[in-house]
Amino acid sequence: MTSDWISPAERLKALPPYVFARLDELKARARLQGIDLIDLGMGNPDGSAPQPVISAAIAALQNPANHGYPPFEGTASFRRAITSWYKRRYGVELDSDREVLPLLGSKEGLTHLALAYINPGDLVLVPSPAYPPHFRGPLIAGAKVHFLILKPENNWLIELSSIPDAVAEAAKILYFNYPSNPTGATAPREFFQEIVAFARRYQILLVHDLCYAELAFDGYQPTSLLEIDGAKEIGVEFHTMSKTYNMAGWRVGFVVGNPQVIQGLRTLKTNLDYGIFAAVQSAAQTALQLPDDYLHSVQERYRQRRNFLVEGLAKLGWNIPKPKAAMYLWLPCPPGQSSTDFALDVLQKTGIVVTPGNAFGPGGEGYVRVSLIADCDRLSEALRRLQAAGIRYQPLPTLVAKEST
Ligand SMILES: *Cc1c(COP(=O)(O)O)cnc(C)c1O
């Protein structure tokens, strides 16, 4: 029974429809039928947090002082672990009181930042495809979202020069994310210099999501926004413990950068939550202090999966470059199939779950995202099923392509 006077606020109605409905329904049905699903849909790392992190959490649980409300602004020791990590990783000095704020996962902070800084009608620039909270947060806050459509021929980099002057003048915030979810694209340091200059020229608040700071391969080291001169005057950077440390369920991340922006977010959050369980902060602090050997083992795990799947998919017609970072492959759909149709087709014929690209905004249409969250044995089974079902990528013959233009 539904009552029409119980109507959600306009801010909920502003959200685009949920594209996973049909996929979820088919997944649930397949599970009931006992089909062995290979779920490469979500960016949810397999495996547990590292043992020293678990031990730190258990030790912290034994201390009654950790069982009360934690400090709003995060524990001083976790904040200091964050500034030490920044210094060690990027050579960047941060004030652990004013320029750092622990979060209940970065999604929470990315979305609340929008509520803290966006008035209804404000213009926000968001690349597309993008991690959905980068545009759903602003939409909830009532923003007018201007999508910057990314293109493969530009290596999925934002083309700053193609943003009309009037749009740049009106924009208040720009969200961005390299290494990128969902495309796996990385941005050279010069791009970071350009985007900082752009944001300073037009007085735009830059929000960089560096979720994949450590998941990089083949010697590539992702750039931090804060390594760029002047970035702290106009920007903040978000991090998460979810991916590198297999801590997605623990809900812990942090934001660093411009103290004024961080103060606004902190003020909003003191009205919404009570911070992060102190035992979780103790565990996160331990994670940031792990020796680099741990990182190397994680990188090696994803690098092997990436190589295995890229090489296997090449035999099925997908010739895609090996992404230098993150944990995804971004595959074009066979010509003529929308991202939803293709994802449903793959699920029905093979029991493999992939994410339709349109979940990441209009710029994701025509692609699906495959997460590298299963070991090579499972990925090998996935390749076998695709082959058996006759699913492959066949570019349009040139003649047809000509006729269709
Ligand atoms: C996975 C992911 C996150 C992580 O969010 P948490 O809320 O910290 O778990 C943030 N940004 C991007 C781009 C991601 O892919």
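The values are calculated or read from the model by the stated rules, or taken from the named source; none is laboratory data. Quick caveat, the model's predicted, so the values are computed rather than measured. Neighbour counts are summed over all protein chains in view; Cβ atoms, including those assigned to glycine, are modelled from backbone coordinates with ideal geometry. Side chains included, ligands, DNA and RNA excluded: accessible areas come from the protein's heavy atoms. Shrake-Rupley method; radii C 1.70, N 1.55, O 1.52, S 1.80 Å.
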What's the extension gain from Ala76 to Ala170 if we count 0.36 nm per residue and subtract their Cα-Cα distance? 30.0 nm
Computed over the Cα atoms of region 1-124, what is the convex hull's projected area averaged over all directions, in nm²? 14.7
Please give the length that would be gained between Ile35 and Asp292 if that part of the chain were fully extended, namely 0.36 nm times their separation in residues minus their C-alpha to C-alpha distance (nm, one decimal). 88.6 nm
Relative intensity, log₁₀ I(q)/I(0), of region 26-66 from a Debye sum that treats every alpha carbon as a point, q = 0.14, 0.29, 0.30, 0.34 Å⁻¹: -0.59, -0.99, -1.01, -1.06
Average accessible surface area per residue within the chain, 1.4 Å rolling probe, Å²: 45
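Note down the relative contact order for the chain as a percent, whole number, built from C-alpha pairs under 8 angstrom at least six residues apart.
Here the relative contact order equals 23 percent.
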Using a/c under 1.5 as the rounded threshold, could you call region 68-227 rounded, prolate or oblate? The axes a ≥ b ≥ c are square roots of the C-alpha gyration tensor eigenvalues, and prolate needs a/b larger than b/c, oblate otherwise. oblate
Find how many whole Å separate the alpha carbon centroid of region 318-344 from the alpha carbon centroid of region 142-190. 20
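Calculated FRET efficiency, Asp4 and Lys151, Cβ-Cβ r, R0 60 Å, to nearest 0.05?
Efficiency for this residue pair is about 0.90.
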Under 15 Å Cα-Cα from Lys322, which aspartates and glutamates qualify once same-chain neighbours fewer than 8 residues away are excluded? Asp218, Glu300, Glu311
Tally up the carbon and sulfur contribution to the accessible surface of the chain as a whole percent, 1.4 Å probe, everything protein left in place. 53
For the chain, just run the numbers: alpha carbon Rg, then divide by 2.2 N^0.38 Å, N being how many residues it has. 1.01
Quick check for me: using +1 on Lys/Arg Cβ and -1 on Asp/Glu Cβ, what's the dipole size of region 92-242 about its Cα centre, in debye to the nearest 20? 540
On a straight-distance basis, which lysines could pair with Lys324 in a cross-link, Cα separation under 23 angstrom, same-chain partners fewer than 8 positions away excluded? Lys151, Lys243, Lys315
One finds the C-alpha centres of region 197-233 and region 8-76 to be spaced, in Å, by 26
Mind running the shape call on region 1-44? Use the C-alpha gyration tensor, a ≥ b ≥ c as the square roots of the eigenvalues: rounded below 1.5 for a/c, prolate if a/b tops b/c, oblate otherwise. oblate
Angle check, please: helix 259-270 long axis (alpha carbons) against the longest principal axis of the chain (alpha carbons), in degrees 0 to 90, nearest 10. 90
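Based only on Cα atoms, what Rg/Rh ratio does region 191-334 have, Rh being taken as Kirkwood's radius?
Values: Rg = 18.2 Å, Rh = 17.7 Å.
Reported Rg/Rh, Kirkwood definition of Rh: 1.03.
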Report Rg/Rh for region 301-397, rounded to two decimals, where Rg is the Cα radius of gyration and Rh the Kirkwood radius. 0.93
At 222 nm, what helix-only mean residue ellipticity would the chain give, in deg cm²/dmol to the nearest 500, using -39500 (n - 2.57) for each DSSP H run of four or more? -12000 deg cm²/dmol
Asp95 to Gln348: extension gain in nm, 0.36 nm per residue of separation minus the Cα-Cα distance? 85.8 nm
